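All remarks here apply to the structure that follows.
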Amino acid sequence: MKTVNKRDFVLGLVVCALALFVLFGILPWAVKTPKVIPNLALSPTFWPRIILVSLVGLSAFLAIQALYEGIKPRDAVQDESYEEPFDLSDFRVIPTALLMVLFCAALKPFGVVLPAIAMLLGMIVMHGRKEWPKAIGVSIATVLILYMFFRYVAKVPVPLGPLNGLL
Amino acid sequence: MIENLSDALVLFLNIYNIIALAGGIGIGVIVGAIPGMTSTMAVALTLPFTFTLPPVTGILLLLGVYKGGVYGGSIPAILVKAPGTPAASCSVLDGYPLAQKGQAGRALDIALYASCFADLVSNLSLILLVGYLAQLVTSFGPPENFTLIFFSLTIIASVSGDSLLRGFISAGAGLLLATVGLDLIYGTDRFTFGNSDLLGGLAFIPLLIGLFAIPEILNGYAKRGATGKVAADPSGSRATFADFRYCFRSILRGSLIGVVLGAIPGIGGAPSAFVSYSEAMRRSPNRKNFGKGELEGVAAAEAGNNGVAGSTMIPLLALGIPGDVITAVILGAFMVHGLRPGPMLFEQNIDLIYALFIGISISSLFLLIIGKAAIHMFRHIASIPRSYLYPVVMVLCVFGAYAVNNSFFDIYVMVAFGILGFLMMRMHVPSAPFLIAFILGPMLEDNFRQSLLMSQGSLTIFARSWITWIFWSLTILSVVLMVRRHLAGKSIEKALPVLPEEKRDG
Amino acid sequence: MTKTKILTGIAFATMTALPLAAQDYPSQPVQLTAPYGPGGASDLAARNLANVAPDYMGQPVLVTNRAGAGGATGSAYVKNSDPDGYNLLLARIGSHSISPALKTSMPYKWDDFTYLSLLEINPAACATATSKPYESLEELRAAIEAAPGAVTYSSAGVGTLHHLGGIMLLDELGFEDPAVAATHIPFQSGGAAAAAAATGQVDFVCSNISAIISQIEGGQLRPLVVTTPERVESLPDVQTASELGYPALEALVGWSGLVGPPGMSDEIVATWTEVLQEVASDERWVNQTKSLGSVPMMLSPEETVAFVENQYTTFRSLVEELGLQID
């Protein structure tokens, strides 16, 4: 059992569990149906139900297949191409993703421009460039140019937050 | 006729018309090249300027923006994996792998040539076949559309990569998320959780950018991403005439698919690109190379995508029916000038129609020239150091996603799907089936339910005309071929030791 | 710089920016949300206004499309924004009188807004494909009676003028339950609904005239009735609802109006009333509106509220009477 395709097995189980949860835990109250429906296939729940049931079936099959195929010896050879989905080399991905999430949280209070400059700077530095003056310059210039383009050419009123009235 | 033509020439031959057309294409290419800014938005933004222009000039400007925008979407799709338009999402599949191999220039070139050729074919069809194709349009109703979309969905098998099962799971998730929002038929809420942003459903531009571009950016922060193959300077690579000839069959096929699908109201560029791509793949001897940087894949996708650009005007001009949002805006431009597209326009303003046709027929040439210039401008993007490129693309995506609806919500959606997309990438779940299902899913469901309403619940409506039979046959044929190929592939795999292959996108 | 210093800086910037805005409105661009996609009547009405209004108020008006859920997404967004006059909405019959009358779970009520003015009305008509046999409303009624449920009509979605138009027509023709008499087939847009009717996929459609006039003139659609009190200039041969004996159909008239979030100050409303009076006499605006098939009609804020309320009440009682409410 050492060579079970863990990736597919976990994926299958997770998707299967999620689909079951949506099917029985969320769909009944989150999809509203009208009082009278001429036939079943026309119901708003018909389509999501079909999709969810298929998802349950497919993902369960994937999990079982992963177990079954994992036992076969020839897959041990295939393991050369198999890589762990996540390993320690991903350590910078998590802070980068966190930075994006933080950016989203900052949009409401600070508008788009300031958080965008901060995220840009953060991402440049995190990618390993420690040329501070250049990084700061690029961040501010890029965001300002984009702001000007969207605001004056594309006529999109990009929220400025605290900078309102200054730009 | 001759008299009309000479009148038309007088009407067209005006420096402002030529400037409008060329300028429109230029604006379109640039706007289309910004992820999130679609050609629809570009056309809508240009509309008020046409209020004060003469009708021919104004409409040519809009058409230029539209055509430029459709092509422009392929540039970021190839260079940074951030398709500028939904239709360009198919160009990502092979365009981006080519760019990673240091052949961005070659991919961009072939995309341009395929686009211009398809545009030309489409324009000529518009001019020569407007009457015949308009007839075809009237025989497409919800049942025909349903079978057509159903057939288009078979492409999911082609873009699933090494595992059909994972591809189908991905597609299932896409279909499910597409049901979020107000139910079209009954107006009830589905998965909206009382949130007014969710009422309208998830917008697909943020989803598109989220699933394609952001995982690539995040991966750039992983050590293996950073040490992996990075694009060499692409300025050296060019598409040759031999490349064009190699792809020609797919380009021609894609153009024709685009012409037909473009003429049907409510179908548009995305399904056309999908069908063209999967047809090219089905027929290519290099099938295995599709999705890993096959030039023909880029050509087929772009040909299908641009093949609609002329024929989409057919229902508008012949019947006064806007087939998509773009032609709806162009209809607005006609009406602002007191013109009503439809059969009457051909009788009353034939000189104007001819003048438009003259403008449309030279637009492909303008697109070639301007597109070439744009490639020169944009190809340097690939040589920007990754440390700066990734963050800048990210911010660009943020602005683009915001511009779709002027809503922060779309940015949240983009980031959320970006992180999901990264997880999918690492779990080897291909994201292309997800997107295709997300784009086609609502069309499939709507047409299905509309058909059942029309027939009062009887399923026989799905076999009511020869068109539905054609699409059913095509669907069955492609499923059979797919299964056979899959089984054959399995037996070969069993016979041969599998070569380890670097593949991350599926 | 310490954190407190940054915060004071930000606070200062916000404080200096805000009073400026209140003093002499408008001091910055006004964002006008069109709650439907580009190319539609709402979008065109918004862009037409945005094209002319800046000349009279000294600030640009930026049109943004925030489409979705039959206008509900964009409308809810404006309802929840600050009533500082920089976030306005182009309200439509669908988003402001039909949907609120039809649906209880809307994120807003029709009167949740500060009404600034009515801009235009869009006369409506019901039509059938020329390939269909119905030459008059009577023949359509006979066909429906012969096979209840088999006759179909298209709409641009639930809660649109097309949808309610079909229901009203059926109600007026004397059918007790419109849902049983004929089948409602919603499409994604007004254009698609008109196309479905013109190509004979459905039996009839009730729509604003501007969206179907080219198909009527092109001979694909046969108009059966117009809902205006007087005959329509472009369709002189088509009988009005009153002439045919269905005066209640006159309530079916599309409109566009300019509204803002609830609680806008009187000064801002007064500013807009002045500006819109100028716009109403601007030839560019009048001509554009007319060429789009609409009738320019500026009303004062009070008249606008009365107009919308009247329409809403009519629709609401119809919905209650027929039990059409959507939860």
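Please list log₁₀ I(q)/I(0) at q = 0.05, 0.07, 0.08 Å⁻¹ for the protein assembly as shown, using the Debye equation with identical point scatterers on the alpha-carbon positions.
-0.29, -0.58, -0.77
Among B:474-485, C:53-64, B:36-47, how do they line up by average Cβ neighbours within 10 Å per residue, starting with the highest?
On the way: B:474-485: 13.9, C:53-64: 17.7, B:36-47: 26.7.
Highest to lowest by the protection proxy: B:36-47, C:53-64, B:474-485.
So for region B:94-232, Kirkwood radius off the Cα pairs, Stokes-Einstein at 20 °C and 1.002 mPa s: how many µm² s⁻¹?
Details: Rh = 19.6 Å.
Approximately 110 µm²/s, per Stokes-Einstein.
Per 10 Å bin, what is the whole-percent P(r) computed from every C-alpha pair distance within region C:123-254?
Pairs per bin, as whole percents: 14, 51, 33, 2.
Mind pulling the angle between the C-alpha long axis of helix C:266-280 and the longest principal axis of chain C? Nearest 10 degrees, somewhere in 0 to 90.
The helix C:266-280 is inclined about 50 degrees to chain C.
Greater than 31 Å separation of Cα atoms is the criterion. Which listed pairs, A:Lys130/B:Lys101; B:Lys372/C:Lys290; A:Lys35/C:Lys290, meet it?
Working: A:Lys130/B:Lys101 28 Å; B:Lys372/C:Lys290 42 Å; A:Lys35/C:Lys290 42 Å.
Beyond 31 Å: B:Lys372/C:Lys290; A:Lys35/C:Lys290.
Report, to one decimal in Å, the Kirkwood hydrodynamic radius for region B:2-495 based on all distinct Cα pairs. The partial results should precede the final answer.
Numbers: mean 1/r = 0.0439 Å⁻¹.
Computed over region B:2-495, the radius equals 22.8 Å.
Given charges of +1 on the Cβ of Lys and Arg and -1 on the Cβ of Asp and Glu, with all other atoms neutral, how large is the dipole of region A:6-78 about its Cα centre, in debye to the nearest 20? Present the calculation step by step, with values, prior to reporting the outcome.
Numbers: 7 positive and 3 negative charges, 34 e Å.
With only Lys, Arg, Asp and Glu charged at Cβ, the dipole is about 160 debye.
So which DSSP H runs in chain B come out at 20 Å plus along the axis (Cα) with average Kyte-Doolittle of at least -1.0? Mind dumping the intermediate values first?
Details: long enough: B:15-32 (25 Å, 2.00); B:55-72 (25 Å, 1.19); B:104-138 (41 Å, 1.34); B:164-178 (21 Å, 1.68); B:204-219 (22 Å, 1.88); B:241-263 (31 Å, 0.97); B:269-283 (21 Å, -0.26); B:350-378 (40 Å, 1.92); B:386-405 (30 Å, 1.23); B:408-426 (28 Å, 1.77); B:432-454 (33 Å, 0.91); B:466-495 (43 Å, 0.79).
Helices meeting the span and hydropathy rule in chain B are B:15-32, B:55-72, B:104-138, B:164-178, B:204-219, B:241-263, B:269-283, B:350-378, B:386-405, B:408-426, B:432-454, B:466-495.
At a Förster radius of 30 Å, what calculated FRET efficiency corresponds to the Cβ-Cβ distance of B:Tyr132 and C:Leu244, to the nearest 0.05? Could you put the intermediate results ahead of the total?
Working: r = 39 Å, r/R0 = 1.30.
E(calc), rounded to 0.05, equals 0.15.
Along the positive direction of the dipole of chain C (beta-carbon charges: Lys, Arg +1; Asp, Glu -1; about the Cα centre), which of C:Ala193, C:Ile216, C:Ala179 reaches farthest?
C:Ala193
How far, in degrees from 0 to 90, does helix C:301-322 lean away from the longest principal axis of the Cα atoms of chain C, to the nearest 10?
It works out to around 40 degrees.
Taking each residue in C:284-291, count the Cβ atoms of any other chain within 10 Å of its Cβ, then average. What number comes out? Please list the in-between numbers first.
Details: counts 2, 0, 0, 3, 6, 1, 1, 8.
Across the residues of C:284-291, the mean count of other-chain Cβ atoms within 10 Å is 3.
Placing +1 on the Cβ of each Lys and Arg and -1 on the Cβ of each Asp and Glu in region B:95-186, which of B:Leu164, B:Thr154, B:Ile127 has its Cα farthest towards the positive end of the resulting dipole?
B:Leu164
Taking H as built 1.01 Å from N, whose amide H comes closer than 5 Å to the amide H of C:Leu119, not counting residues under 5 places away?
Sorted by chain and number, the residues that satisfy this are C:Ser256, C:Gly257, C:Leu258.
Between A:Leu98 and C:Ser300, what FRET efficiency follows from the Cβ-Cβ distance if R0 is 45 Å, with the result rounded to 0.05? Display every interim value, and only then the final one.
Numbers: r = 53 Å, r/R0 = 1.18.
Calculated transfer efficiency: 0.25.
Counting only helical runs of four or more DSSP H residues, what would the 222 nm mean residue ellipticity of chain B come to if each run contributes -39,500 (n - 2.57) and the total is spread over all its residues?
My calculation for chain B gives -23500 deg cm²/dmol from helical runs alone.
Across peptide C:213-223, what mean number of C-beta atoms from other chains lies inside 10 Å of a residue's C-beta?
On the way: counts 5, 14, 6, 4, 8, 12, 3, 6, 1, 0, 0.
For this peptide, the per-residue mean of nearby foreign Cβ atoms is 5.
Which one of B:Ile30, B:Ser284, B:Ile358 is farthest out on the positive end of the charge dipole of the protein assembly as shown, using unit charges on Cβ (Lys, Arg +1; Asp, Glu -1) and the Cα centre as origin?
In the protein assembly as shown, that residue is B:Ser284.
May I ask for the angle, rounded to the nearest 10°, between helix C:161-172 and the longest principal axis of chain C, with both axes built from Cα atoms and the value confined to 0 to 90°?
40 degrees
Sorted by average packing, counted as other Cβ atoms within 10 angstrom per residue and highest first, what order do B:453-462, A:6-15 take?
Working: B:453-462: 16.4, A:6-15: 18.8.
Ranked by mean Cβ neighbours within 10 Å, highest first: A:6-15, B:453-462.
Can you compute the FRET efficiency between B:Asn14 and A:Ile26 using 1/(1 + (r/R0)^6), with r the Cβ-Cβ distance and R0 = 41 Å? Round to the nearest 0.05.
Working: r = 60 Å, r/R0 = 1.47.
Step by step, r from the Cβ atoms, then E = 0.10.
So how strong a dipole does chain B carry about its Cα centre when Lys and Arg Cβ are +1 and Asp and Glu Cβ are -1, to the nearest 20 debye?
1680 debye
Cα-Cα pairs above 22 Å in region A:89-163: how many percent? Write out the running numbers ahead of the final one.
Details: 778 of 2775 pairs.
Considering region A:89-163, 28 percent of its Cα-Cα pairs are separated by more than 22 Å.
If packing is taken as the mean number of other Cβ atoms within 10 Å per residue, what is the order of B:86-95, B:429-438, B:414-423, A:40-49, highest first? Before the final figure, lay out each step's value.
Working: B:86-95: 29.6, B:429-438: 26.8, B:414-423: 22.3, A:40-49: 18.9.
Answer by packing, highest mean first, reads B:86-95, B:429-438, B:414-423, A:40-49.
Treating only the Cβ atoms of Lys and Arg (+1) and Asp and Glu (-1) as charged, compute the dipole magnitude of the protein assembly as shown about its Cα centre; round to the nearest 20 debye.
Rounded to the nearest 20 debye, it is 4660 debye.
How crowded by other chains is B:239-248, given as the mean number of beta carbons from other chains within 10 Å of each beta carbon? Kindly include the intermediate steps, with their values, before the conclusion.
Values: counts 0, 0, 0, 0, 0, 0, 0, 0, 0, 0.
Mean partner-chain Cβ count within 10 Å for B:239-248: 0.
Please report the equivalent ellipsoid semi-axes of region A:6-78, computed as sqrt(5 x eigenvalue) of the Cα gyration tensor, largest first, in whole Å. Write down the numbers at each step before the final one.
Details: eigenvalues 256, 26, 7 Å².
Equivalent ellipsoid of region A:6-78: 36, 11, 6 Å, largest first.
Throughout, read-outs are computed from the coordinates displayed, never taken from laboratory work. If you're wondering where the values come from, they're calculated on a predicted model, not measured in any experiment. Methodologically, a virtual Cβ is constructed for each residue, glycine included, from the backbone with ideal geometry; neighbour enumeration extends over all protein chains shown.
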